[in-house]
Amino acid sequence: MRERLPVHGFVLAGGKSSRMGEDKALLRVCGRPMVEIAVEKLREFCAEVGIAGNRDDLAEFAPVVREARLNQGPAAGIEAGLLVATQPWVMFIPVDVPLVPVGLLHRWCEETLRVGKCVSYLGMGGRMQPAFCLLQRDRLAAFTRVLNGGERRLEVLLNRSADADGYASWVYDEHELYGRIEDRAPREETLERWFLNVNTPQDLVEAEAWALRGLEGGCGAI
């Protein structure tokens with residue numbers, strides 16, 4: 001069991017699942033709903049865990065916080081989570097990336113808290129992953145101001161939420177978290193699988209096949 005960090009973790013589960021054709025949060029990977037997989041990863045190290053999205057049906061997995069803004073994408077869930085967070089730091093992860101290892105999330109969280117950057121997010125394998133973001137709770141006012149200004153691009157929202165009060169956001173890549181020694185950092189193929197978004201039925205097939213092959217220990221590791 002990992003030490004609990006002063007972080008309130010939220011699973012972003014407010015999407016419409018239009019490309020999947022059915023509710024993604026409750027889709028099963030290796031027999032478990034993706035929302036359950038995400039919640040349990042956050043429970044490994046976060047002091048509190050919740051779900052952001054207007055989804056009362058997900059309350060059996062963790063407390064649900066409702067979004068005040070409709071059709072605003074993940075930004076609405078981030079604002080809602082920041083508003084109710086009980087810890088000084090707030091982490092968000094998307095519900096539809098079931099293969100990301102809990103070890104990576106924990107390592108990123110510990111490093112952000114150690115360095116003290118008020119806003120951080122992941123950029124792995126050269127691809128920005130702003131839905132994986134970690135903010136100080138007091139970034140709420142700045143985040144809301146930028147959101148009220150009409151900005152919806154999540155990466156821009158995060159950067160400007162830090163800049164608003166003279167701070168800097170920070171992007172963590174595989175080298176920041178694992179070092180630059182080649183055999184320590186995850187390979188490009190591994191990162192591609194870790195951050196596979198399950199948006200379509202084919203994505204779901206690929207995610208399950210990868211989990212069963214077991215680069216991170218098979219289905220028991222997700």
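Quick notes
- Residues of segment 1-129: accessible area per residue with a 1.4 Å probe, Å²: 41 Å²
- Per-atom-type breakdown for segment 159-200 gives carbon and sulfur 39% of the accessible area (1.4 Å probe, protein chains only).
- The solvent-accessible area of residue 110, taken with every protein chain present and a 1.4 Å probe, is close to 90 Å².
- Percent of beta bridges antiparallel (DSSP, the chain, rounded to nearest 5): 40 percent
- Note on residue 169: accessible area approximately 30 square angstrom, rounded to 10, probe 1.4 Å, nucleic acids and ligands left out.
- Heavy atoms of residue 34 accessible to a 1.4 Å probe, total area in Å² rounded to 10: 0 Å²
- Vicinal HN-Hα couplings computed from phi for segment 143-149 (Karplus, 6.51 cos²θ - 1.76 cosθ + 1.60; Hz; Gly/Pro x): 4, 5, 4, 5, 5, 5, x
- Loop-located GluC sites (Glu not before Pro) in segment 50-105 whose Cβ has at most 15 other Cβ within 10 Å (DSSP): 60
- The alpha carbons of the chain give a radius of gyration and a Dmax of 16.4, 46 Å, in that order.
- Placing a pseudo-label 7 Å from each Cα along the Cα-to-Cβ vector at residue 32 and residue 163 gives an inter-label distance of 3.9 nm.
- Each Cα pair under 8 Å and six or more residues apart adds its sequence gap; the mean of these over the residue count of the chain is a relative contact order of 22 percent.
The values are calculated or read from the model by the stated rules, or taken from the named source; none is laboratory data. Just so it is clear, the structure is predicted and the values come from calculations on it, not from any experiment. Here Cβ is always computed from backbone atoms with ideal geometry, including for glycine, and neighbour counts include all displayed protein chains. Just so you know, the surface numbers come from the protein's heavy atoms only, side chains and all, with ligands and any DNA or RNA stripped out. Shrake-Rupley method; radii C 1.70, N 1.55, O 1.52, S 1.80 Å.
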